[in-house]
Structure formats: C-alpha cells, structure tokens
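First the structure, in the form of structure tokens, and then the observations on it.
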Amino acid sequence: MHNQSILALTVSLAWLLFASVAAAATLPKGILTLDGRPAPPLRLENMDGETWDLSAARGHWVLVHFWATWCGPCRREMPTLQAILPHLDPEKMELAIVNTAENEDTVFSFLAAVAPDIVPLMDTDGQATERWQPRGLPASFFVDPDGRLRYLALGGRPWDTPPYLNFIQGLANQ
C-alpha cells in the first residue's frame, strides 16, 4: 500500500510538472509570468482630459502599456496595438497605454499618424511609471480581473500576429 501511495504521488507530481511546462510553452516569445502581486495604483488623465483609474477596471483584464515617442521599439510596436483594437472586447480586455513624461503635442502628432484610435494616458511627471518600474520601454503588463499582475512583456512585440493575439484573446476568454 505504501508503494502505491508513493507511485500515485510521483505520477501526480509528474503531471503537475508537465502541465506547468506545457502552460509556459504556450506563452508567446517574450511574455514572462509574474507572481500575481497587486498592481500598483494607476490613475491618470487621458489626452481628452478624462480620468482613467485602474481600480475601476476590476472584473476584466487590462493591458497596461508604457511607451514614449522617442523609443524606437515603441514607435514600431504602436501600429500593432492599433491593429488589435478591433479584436478586443472592452468588457473582457482593456488597453491602457501610458505615455511616459512627454507633452501632448508630441504624443498627439505621433499617434495621429500611426494609431489614431488609441487615446493615451499622460504620465506627464513620470510618477506613475516610476511606481510601476517597467525596466525599460516599451513594457506591457497584463493585470487580471482581480487587479493582480500576471504577465509582462519587455520590449516591442508584434501584438497583431497570431501567437500574441491568441494569447490576449485567451486571457480575455478566461
């Protein structure tokens, strides 16, 4: 009986290891799993002067994206964020792009050309970015419906390609 218990435990542990490796293998390149700690506060005005607060987004996923116009990878990535907008159900996944410490004229001019449907949040003094500590730009955090940090992408990603779009839609459909 003792050997059967050990065998059952071994099989269970092997299955759990396999399942976690399989789950990690489904993540697109460059997506890191985070520990689920609470997301830092995020309350900023967008370019239309409306206040957006992460705490009001509870109940669905939020992709919080930090960027700047002077950042080459950010500039290349922004059209892919524009391209995924029609694929996002705002009741399940919200996109919040945070411009880091630039003025509205610079941001408006850039977005008008490459992502006209995205209304950015303006971190004019850089304090929100400092609280989130993104380790460089661009950085994309995935906040779960309970307000916890679940995934991070450092550097630019082709969000409109199947691996990334499937990942985002998979989160939204959880």
Inside the stretch 56-78, the number of residues satisfying the requirement of being touching a strand residue (DSSP E or B) at 6+ places or on another chain (Cβ under 8 Å) and either among the hydroxyl-bearing types (S, T, Y) or without any contact (Cβ under 8 Å) to a residue 24 or more places away in the chain (or both) is 1
Checked against (1) farther than 15 Å from P158 by Cα; (2) outside any strand (DSSP E or B), T80 satisfies every condition except (1)
When V107 is run through (1) exposed (fewer than 15 other Cβ atoms within 10 Å of the Cβ); (2) in contact (Cβ under 8 Å) with a residue 12 or more places away in the chain, the failure sits at (1)
Those residues of the stretch 83-111 which are assigned to a helix (DSSP H, G or I) and under 17 Å from D123 (Cβ atoms) amount to E104, D105, T106, V107, F108, F110, L111
Inside the stretch 112-137, the number of residues satisfying the requirement of being without any contact (Cβ under 8 Å) to a residue 12 or more places away in the chain, surrounded by 12 or more Cβ atoms within 10 Å (Cβ to Cβ) and not in a helix (DSSP H, G or I) is 0
Per the list (1) under 18 Å from A39 (Cβ atoms); (2) touching a His at 6+ places or on another chain (Cβ under 8 Å), residue check on Q169 breaks on (1)
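Every read-out reported here was derived from the displayed coordinates using simple, explicitly stated rules and does not represent laboratory data. All values reported here derive from a predicted model rather than from experimental measurement. Note: ideal-geometry Cβ built from the backbone for every residue, glycine included; neighbour counts use all protein chains shown.
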